[in-house]
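Take a look at the structure set out below.
Derivation of every value follows stated rules applied to the coordinates shown; laboratory data play no part. Note that the structure is a prediction, hence the values are computed from the model and not measured. Glycine also receives a Cβ, built like all others from the backbone with ideal geometry; neighbour counts cover every protein chain displayed.
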Amino acid sequence: MSPPGFEDTSDGTADGGQLQTLQPLTNELIAEVLRSRDYNFHIDSDGDLLGKWDDNLIYFFRLGTNSEVLQVRTMAATAFSIEDVAALHEFCNTWNHDRLWPKAYVHVNDDGSVRVCGEVVADLERGVTPQQLDQLINCGISTGCQMSDAVAELRP
C-alpha cells in the first residue's frame, strides 16, 4: 500500500512482492512524504525541515558525508531545571534499555533549561523508497511523541 499522496509505480514480482526504485535522501523527498500526510512543517534558516507534534519540536535532519543519514529528532516540550538532570538521565537509561526507538538523551540548553530529546536514525546510503521513508518518518514522530508524553509525566 502506498502512503497517501504517493502513486505506487513499483513492478509486481512473481512472489507477490514489489520491486521499488531507491531514491537518494533529499529534503525534497522528506518534504514530499510530510506533505503526503498533510503534516504542517517548515524550513528554517539553515534549510532544515521541522514541525510541531503535540507541542514537541521535531526536526528532520540529513547527516553524514553525503547527507545520506536520516535523523528524526524530537525535542520534548516539557522543560526541566539543571537540578533534574540526574533524574532525567535515569529516565533516559531506562527508556533506552526498554525500547528501541527513539534513543533518548538529556540536553542542557545555554540558558540552563533542560530537555529530553529523542532520535530515530537510519543510514540510507543506498537510497530509500518513499514508502520506506514514510515509515521511518512516522516511526520517528510517533515514538518521539510517546517518549515526550512519558517525560511530561516526570513533572510534579
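Overview of values
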{"item": "Selection count where residues are more than 24 Å from Asp123 (Cβ to Cβ) and assigned to a helix (DSSP H, G or I), scope the range 36-64", "result": "0"}
{"item": "Single residue of Gly127, Gly140 found to be surrounded by 17 or more Cβ atoms within 10 Å (Cβ to Cβ) and either of a type in the set (S, T, N, Q) or under 30 Å from Leu22 (Cα atoms) (or both)", "result": "Gly140"}
{"item": "Long-range neighbours under 6 Å by Cβ, at least six apart or interchain, first residue of a type in the set (A, V, I, L, M, F, W, C) within the range 121-132, second assigned to a strand (DSSP E or B)", "result": "Val121/Gln71; Ala122/Leu70; Leu124/Leu70"}
{"item": "Answer residue from the range 72-126, given it is basic (Lys, Arg), out of contact with any His (no Cβ under 8 Å at 6 or more places or on another chain) and not in a loop (DSSP other than H, G, I, E, B) and is nearest to Phe41 (Cα to Cα) among those", "result": "Arg73"}
